[in-house]
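FYI, it's all coordinate maths here, none of it is from the lab. Bear in mind the structure is a predicted one, so any value in this text is a computation, not a measurement. Cβ placement follows ideal geometry from the backbone for every residue including glycine, while neighbour counts extend to all protein chains displayed.
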Amino acid sequence: MTPGSEERIRLIAVLVLTGVLSVWMDLSPLHRFHDSDSLVPVLMSLQRWTPFYWEQNRYGMLIPLLAVPVRGPYHNLLVQVALRLCAVVLSFFLVARAVVPRPYWPAVGAATLGLYVAGRGLFAHCFLQMQPYPQALALGLAGVTILDGPPLGSRGAVRAIVRVAMAALLIGLAFWVSLSLIVWLLTFLWLRQVLSLEPGPDGWRFWPRLWPLPGDLVDVRRILPFALVILAFGTSVLTAKNAQWSSTDWGVAGAATWPHAWATLVRHAVTFLGPPLVIGSCVVLVGAGAFTLGRRWPRARLAASAGLCLLGAAAVELLVLGTSSWVYLNDLSIRFLWCGLLALGMSLPAMALILVLEGRERWHGGVNVAACLVLLLAVLTRFGLPSPAAARAAFDRHVGPAAEAILTAGGTHVIGSYWRVWPAVLRANEILWEKGEHRQVWGITTRSRPTQDLWQPRSWAAGRVAVLHNDAMAATAMGFYRVPPLFLAAEAPGLRVYAGTPPAGAPVVSFQMPAGAMLRGIHR
């Protein structure tokens, strides 16, 4: 069996494992931790799809587009979550393959993913799957993986053109989903090249080249990934700038805030990964570098190169994001560091496995299988056995618990806080779908403007607007969207329902809102 066919088998096996794990994790109690950020894309599939997340211009809605044919709200959610989890799982393996181009790269990816699954609870896994960064990373590195194949033109011009077109499509989709991938990916590709970590016969060298050798400048295969990444990024920037909703602050924060931002992001990263993992990565990198300088252990060169590539890309991403005004406005959230966190978390397993396995070819297949079995055990421990019943029970119990009462009271709209309205709307529409009713319950809150022509009636006389208990944002939302005065029509546990005309014989309670009110804060 040729090395190329063996690599295809490894790729196919990883893709099958990725599909199994994504469905397994999807059919679990993970669904108890959904919030509006993960549910709005489902409503985008069902009510109105737009290229970017409602009222934003930076999160491409690829997965909601793929899920459009699935019309049931709950099953649409299952499909979208499975695709998101597929991107999460695949990103671990694709980073491993890109930085450790050796037959044991599946073991590196499985070991890193196993540590993550075992070390974080279901809430963290649910939070990660709703973020765009794993999707962008998986798509971008999938394009790079295609370019890492046989030299272009070695199998004919037509195949070369098809490969480049596929790679360009995947990288373009990556930057549609998330523009922020540019910092990490360009740094990673450059370090991978100057440290001679691309697949090929170049050999391993510890000291990096500041730029590819002169002969490399005419090597299309070496410069093509950079060209495709920059082209895709530029196209995505122009598209986002001209989008209907341009809500992203593209500027740079004041220089005086940078040290605080860097220190905060470092603290968040160390807390998220755990000090032992971070310290261990640094210790192994220093040790491998010392052996390399002393020329005592050839395999240490590869370990040091892989560690420098991963840690260097993570460090550059952190430094650049620390200067971003948008990241600063969003409280320096850890979610922006996803690519760097994955790279930093992989550095220790990658270096350790290189030091153990390099030069021991007979071990490679067995270690790959063993690492994947340990990963399956970690998933079993964290998520339990796959269970459609457990997934549905978590959804029914924790997503929009007031939906039944809203429908019983005849609610046509739910108005109020972003974090409370959308779960209630999705759950109510799922109940209506299961009953075979084709009407919709609509949300009036942040992210409602793209569908306003669908939910805005000509007359509110027949409307029944539900307000959840103690939702202080209801008045603000009604003022912002210029909803006319409404009157109390019904009360139920946890909510009130208002109508455009007072019911006969009922006390008239005006629910008037200030006309000039704005959705401040959460409408940033």
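A few points about this structure:
- Residue among 161, 171 that alone is aliphatic (A, V, I, L, M) and either farther than 16 Å from residue 231 by Cβ or more than 23 Å from the chain's Cα centre (by Cα) (or both): 161
- Of all residues in region 68-102, those satisfying the criterion of being assigned to a loop (DSSP other than H, G, I, E, B), among the aliphatic types (A, V, I, L, M) and more than 16 Å from residue 14 (Cα to Cα) are 68, 70.
- If you go through region 312-351 and keep only what is under 16 Å from the mean Cα position of the chain (by Cα), assigned to a helix (DSSP H, G or I) and over 16 Å from residue 179 (Cα atoms), you end up with 334, 341, 342, 343.
- Flag for residue 332 being touching a residue at least 24 places away in the same chain (Cβ under 8 Å) and at positive phi: yes
Table: residues versus (1) in contact with a helix residue (DSSP H, G or I) (Cβ under 6 Å, 6 or more places away or on another chain); (2) not acidic (Asp, Glu).
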residue: 419; (1), (2): yes, yes
residue: 425; (1), (2): no, yes
residue: 446; (1), (2): yes, yes
residue: 453; (1), (2): no, no
residue: 461; (1), (2): no, yes
residue: 470; (1), (2): no, yes
residue: 475; (1), (2): no, yes
residue: 478; (1), (2): no, yes
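- Meets criteria (over 18 Å from the mean Cα position of the chain (by Cα) and outside any helix (DSSP H, G or I)) for residue 32: no
- Residue ranges of strands (runs of 3 or more DSSP E) in region 427-504 with at least 1 members free of Cβ contacts under 8 Å to residues at least 24 places away in the same chain and touching a Lys or Arg at 6+ places or on another chain (Cβ under 9 Å): 487-492
- Scanning region 61-84 for residues that are crowded, with 24+ Cβ neighbours inside 10 Å and either hydrophobic (A, V, I, L, M, F, W, C) or in contact with an Asp or Glu (Cβ under 8 Å, 6 or more places away or on another chain) (or both) yields 67, 73, 77, 81.
- Residue list for region 118-137, filter: surrounded by fewer than 24 Cβ atoms within 10 Å (Cβ to Cβ) and among the hydrophobic types (A, V, I, L, M, F, W, C): 118, 122, 123, 124, 126, 127, 128, 130
- Looking only at residues of region 386-412 that are in contact with a strand residue (DSSP E or B) (Cβ under 6 Å, 6 or more places away or on another chain) and hydrophobic (A, V, I, L, M, F, W, C), we find that the one that is farthest from residue 494 (Cα to Cα) is 409.
- Considering only residues in region 382-414 that are touching a residue at least 12 places away in the same chain (Cβ under 8 Å), hydrophobic (A, V, I, L, M, F, W, C) and part of a loop (DSSP other than H, G, I, E, B), the one that is nearest to residue 22 (Cα to Cα) turns out to be 399.
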